[in-house]
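The values are calculated or read from the model by the stated rules, or taken from the named source; none is laboratory data. Owing to the predicted nature of the structure, the values given are computational and were not obtained by experimental measurement. Methodologically, a virtual Cβ is constructed for each residue, glycine included, from the backbone with ideal geometry; neighbour enumeration extends over all protein chains shown. Note: accessible area is taken over every heavy atom of the protein model, side chains too, but ligands, DNA and RNA are not part of it. Shrake-Rupley method; radii C 1.70, N 1.55, O 1.52, S 1.80 Å.
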Amino acid sequence: MKVFLALLIMGILTQNFVLSKFLGICPFLGVSKKLNTAVGMSVAVIFVMCLATAVCYPINTLLEKNDLAYLQTIVFILVIAALVQLVEIVLRKYIPSLYKALGIYLPLITTNCAVLGVVVLNVSNVATFAESYAVNYGFAHSMINSVAAGVGFLLAMVLFAGVRSRLEAADIPKFLQGLPITLIAASIVSVSFLGFGGLVEGLGLLAAA
Amino acid sequence: MAEKKSCMKEFTKGLLRENPTMRLVLGTCPTLAVTTSVVNAIGMGLAATVVLICSNVAISALRKVIPSKVRIPAYIVIIASFVTIVQMIVKAFLPVLDESLGIFLPLIVVNCIILGRAEAFASKNPVLLSAADGLGMGLGFTAALFCMGAVREILGAGTFLAGIKDLVNIGGFNGFDFSDTLANIGLAPITIFILPAGGFFFFGIIMALTNKIASGKGLPKAELHGCEHCPMAASCSRSTLKEDAQ
């Protein structure tokens, strides 16, 4: 149980996907201008991340059983691309209201590094967690990690949408306008997340083996 | 002769005028993540360059065979195959680099520079030009990463080229270390520069500088516009996002 809590805190606060792992920077900078688009994009990302992890986990077990682990990158990206297409078709047919809310973000997510990132990270976490914390990292851990990563993405997007709405009204020097000031604002948001450092160790949730 | 000249043109445009990182604002994730040290930056840049040249050549050679309806999945498979090859080579010969790049090595697959060049250039141009374009864009990416990595490493860690021995062995040379010299005059490295926040900050400064230089030359400002700037925009079925955002 402690490990699950640790994974949640790490994913959302201490090792935030966007602000400390630098995954999903393009949507973070591109789609964070307005709060409602930021939330829509994030919810779609959480949804696809969880689905991708749930599908890729058994596939990875199968690959490893057959000594095909080197095919991981190719298989994962294809599975994610196919999955996103499938989700789009299913949503459009059966849940049009949800499709209307999330559908427009789905094609963007196929080549989003955060989704492939969380799947690859779950695979590499198996060895890391066994080595450093003597934790048997399984399917439940992978799912919790994906949820945490997604919620972390949502938190960063929502916070940053607020910061950017303030920036719109600010008087900014000419050459800092646009992308540069956005990056510098992101840097300050990222500094604020530094304050959570050591939270997992401090609460004694993960003990080194 | 004309062929040679245009090859040269395609090669040089990626270095400065259309630098993928500074001008086109593509591949921001690896740019921010791996530039904590020069060695990581060079390693990442060269790995991406190799993938970019190979995928550009393959996609350009197959451009008349791939049906346009399924071209994006086809490109992704081609790119993923080359990434896997590069990943295996790095794992076998440069294990230290493999460890420090971590998940960003397989994530070259979703680097927008590579898919972007495939869609914008290799799918429309002959093999030789595409190779020149890939080499130029790749080296432009590497150069941008090198600049970011150099400043962040010098300011943030007080070293330069630390750990170069793991990349190439030049007579046991393992980089410079200024931290002792700094400590002697009572200074310490500014650690924030190798932390994520420093990455965002310094990238912002660099973008402001490139925008200033570009405007002096009458070029437009580099901007990240969200959807319409994405290399997939043309093929994306739902460009409604643009209307939605307004």
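Would you mind stating whether B:Ala118 is among the small types (Gly, Ala, Ser), open to solvent by 60 Å² or more (accessible area, probe 1.4 Å) and within 14 Å of chain A (Cβ to nearest Cβ)?
On the way: among the small types (Gly, Ala, Ser): yes; open to solvent by 60 Å² or more (accessible area, probe 1.4 Å): no; within 14 Å of chain A (Cβ to nearest Cβ): yes.
Criteria not met by B:Ala118.
A:Gly197 passes every criterion in (1) within 11 Å of chain B (Cβ to nearest Cβ); (2) in a helix (DSSP H, G or I) apart from (2). Taking the criterion of being crowded, with 19+ Cβ neighbours inside 10 Å and either within 11 Å of the chain's Cα centre (by Cα) or not in a helix (DSSP H, G or I) (or both), the residues of region B:144-158 that qualify are B:Ala144, B:Leu145, B:Gly158. Annotation: B:Lys9 fulfils all but one of (1) open to solvent by 50 Å² or more (accessible area, probe 1.4 Å); (2) under 21 Å from B:Pro220 (Cα atoms); (3) in contact (Cβ under 8 Å) with a residue 40 or more places away in the chain; the unmet one is (3). Filtering B:Ile206, B:Ile194 for residues that are surrounded by 13 or more Cβ atoms within 10 Å (Cβ to Cβ), more than 7 Å from chain A (Cβ to nearest Cβ), within 23 Å of B:Leu97 (Cα to Cα) and in contact (Cβ under 8 Å) with a residue 60 or more places away in the chain leaves a single hit, B:Ile194. Taking the conditions (1) more than 9 Å from chain B (Cβ to nearest Cβ); (2) open to solvent by 50 Å² or more (accessible area, probe 1.4 Å); (3) within 22 Å of A:Leu29 (Cβ to Cβ); (4) under 19 Å from the mean Cα position of the chain (by Cα) in turn, A:Ser165 satisfies each one other than (4).
Look at region A:92-111 and say how many of its residues are open to solvent by less than 30 Å² (accessible area, probe 1.4 Å) and within 18 Å of A:Ala38 (Cβ to Cβ). Steps first, answer last, please.
Start the filter on region A:92-111 by keeping residues that are open to solvent by less than 30 Å² (accessible area, probe 1.4 Å), which leaves A:102-107, A:109-110.
Filter once more, keeping what is within 18 Å of A:Ala38 (Cβ to Cβ): A:102-107, A:109.
Of the residues in that region, 7 qualify.
Any chance region A:1-17 includes a residue that's within 19 Å of A:Ile109 (Cβ to Cβ), within 13 Å of chain B (Cβ to nearest Cβ) and in a loop (DSSP other than H, G, I, E, B)? Scanning region A:1-17 turns up at least one residue that is within 19 Å of A:Ile109 (Cβ to Cβ), within 13 Å of chain B (Cβ to nearest Cβ) and in a loop (DSSP other than H, G, I, E, B).
All conditions but one from (1) closer than 20 Å to A:Ala44 by Cβ; (2) in contact with a helix residue (DSSP H, G or I) (Cβ under 8 Å, 6 or more places away or on another chain); (3) small (Gly, Ala, Ser) apply to A:Ala69; the one that does not is (1).
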